[in-house]
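Please read the structure below before turning to the comments.
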Amino acid sequence: MGIIISLIIIGLVLMFAEIMIIPGFGVAGVLGILAMGGSSYYAFYEFGQTCGFIVLGVNVLLIVVLLVWALRAKTWKKLTLETNISSKVNVPDVAVTVGDKGTAATRLAPMGNARFGDHVVEVSAVEGIISSGAAIEVVMLEDNKIYVKESN
C-alpha cells in the first residue's frame, strides 16, 4: 500500500510542477499522469477491483481538486508581479524645440548625438546620413525623440 500512496504523491507533485512551475505540456505532466495511472494499475493488480476503484476514485478526485485550485484567480494573483513600471528612458533634460539649430556631434546614420549649445542629446536624422560636424536643425519632436535634418 505504501507504493500506491508514494505513486499518488509523486504524481500530484509532478502535475503541480507542470501546472505552476514548468509551462506547457511536458515531461513532468506526462510522468505525473503515468505515476497516478501506475498507482491505480498496481492497486487493481495487487488488491483487486474494490481497492483499485477506490484508488482510481481518489486519483480522479485529487486531480480535480488540483485543477480547481490551480485555475482559481486567487492562485494566479499570488504568483503574478503587481509592480507597475512608471519610469521612462531617453527623456532629454535639454529643452529642445522645433527650429533649434545645432551640430552633429557624431555621424547620424540615422541616429547619433548632436550638440545644442552646451548639451549633447541623442537625435535621429529624418533622411539619409548626416556626417559629424554638420549643421543640423530640429524638424520634429515625437515621443521624446528628436528628429533633425541637415541645414544649409
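Numbers for the structure displayed
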quantity: Selected residue (criterion: farthest from VAL98 (Cα to Cα)) from residues of the stretch 136-152 that are among the aliphatic types (A, V, I, L, M) and surrounded by 13 or more Cβ atoms within 10 Å (Cβ to Cβ); calculated: ILE136
quantity: Criterion (farther than 30 Å from LEU14 by Cα, aliphatic (A, V, I, L, M) and under 36 Å from the mean Cα position of the chain (by Cα)) met by exactly one of LEU62, LEU71, LEU141, LEU34; calculated: LEU141
quantity: Those residues of the stretch 18-30 which are free of Cβ contacts under 8 Å to residues at least 40 places away in the same chain and either among the charged types (D, E, K, R) or surrounded by 16 or more Cβ atoms within 10 Å (Cβ to Cβ) (or both), in sequence order; calculated: GLU18, ALA28, GLY29
quantity: Pairs, first at pLDDT 90 or above in the stretch 102-117, second surrounded by 14 or more Cβ atoms within 10 Å (Cβ to Cβ) and outside any strand (DSSP E or B), C-beta under 6 Å, six or more apart; calculated: ALA104/ALA134; GLY112/THR106; ASN113/ALA105; ASN113/THR106; ALA114/ALA105; ARG115/ALA105
quantity: Condition met for ALA95 (farther than 30 Å from MET20 by Cβ and modelled with pLDDT of 85 or more); calculated: no
quantity: Output for the stretch 64-79, where each listed residue is in contact with a helix residue (DSSP H, G or I) (Cβ under 7 Å, 6 or more places away or on another chain) and either of a type in the set (D, E, K, R) or crowded, with 16+ Cβ neighbours inside 10 Å (or both); calculated: LEU66
quantity: Elements of type helices (runs of 4 or more DSSP H) in the stretch 17-136, at least 1 residues being over 20 Å from LEU7 (Cα atoms); calculated: 49-71, 73-79
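The values are calculated or read from the model by the stated rules, or taken from the named source; none is laboratory data. Quick caveat, the model's predicted, so the values are computed rather than measured. Because the Cβ atoms are built from the backbone with ideal geometry, glycine has one as well, and the counts that use them run over all protein chains shown.
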